[in-house]
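Notes follow once the structure below has been shown.
The values are calculated or read from the model by the stated rules, or taken from the named source; none is laboratory data. Since the model is a prediction, treat every value here as computed from it, not as a measurement. So basically every Cβ, Gly included, is an ideal-geometry build from the backbone, and we count neighbours across all protein chains shown. With ligands, DNA and RNA removed, areas are computed over all heavy atoms of the protein, side chains included. Shrake-Rupley method; radii C 1.70, N 1.55, O 1.52, S 1.80 Å.
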Amino acid sequence: MAENLHNLAPAIIGCGDLDPLRDEGLAYADALTTAGVPVKKHRYPGLIHGFINYATHSPAVEAAVTEMTTELAELLHRSTP
């Protein structure tokens with residue numbers, strides 16, 4: 001809903017393919033990209049909304065969470081002086 005997305009922090013967005021809010025999440029990632037914000041966007045097949053809560057129960061979720069947390073660590077490392 002924001003009119004201006006410029007100068008926001010870089011984002012890592014992961015959406016489950018079966019998430020009813022998937023399209024909104026992906027559209028937000030695209031809007032950030034259009035505004036010049038660095039974004040890593042992921043669409044995970046077979047995963048549901050809130051999938052991150054099931055990392056210890058599903059290899060697919062564990063892989064998705066590992067991918068996103070690795071990217072976050074890299075992003076934070078690059079931001080550190």
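How many of the residues making up region 46-70 are within 14 Å of the chain's Cα centre (by Cα) and either over 29 Å from residue 4 (Cα atoms) or not hydroxyl-bearing (Ser, Thr, Tyr) (or both)?
Just the residues of region 46-70 that are within 14 Å of the chain's Cα centre (by Cα), to begin with: 47-52, 61, 63-70.
If we keep only those that are either over 29 Å from residue 4 (Cα atoms) or not hydroxyl-bearing (Ser, Thr, Tyr) (or both) as well, we get 47-52, 61, 63-68.
Of the residues in that region, 13 qualify.
Within the set of pairs 6 or more residues apart or between chains, which connect a residue that is at pLDDT 95 or above inside region 61-81 to a residue that is of a type in the set (Ser, Thr, Tyr) and open to solvent by less than 60 Å² (accessible area, probe 1.4 Å) with Cβ atoms less than 6 Å apart? That search, which allows pairs on different chains as well, returns 64/44.
Just one of the numbered conditions (1) touching a strand residue (DSSP E or B) at 6+ places or on another chain (Cβ under 8 Å); (2) closer than 17 Å to residue 16 by Cβ is not true of residue 39: (2). Could you tell me which residue of region 26-62 is surrounded by the fewest Cβ atoms within 10 Å (Cβ to Cβ), considering only residues that are hydroxyl-bearing (Ser, Thr, Tyr) and part of a helix (DSSP H, G or I)? So, considering only residues that are hydroxyl-bearing (Ser, Thr, Tyr) and part of a helix (DSSP H, G or I), the one surrounded by the fewest Cβ atoms within 10 Å (Cβ to Cβ) is 34.
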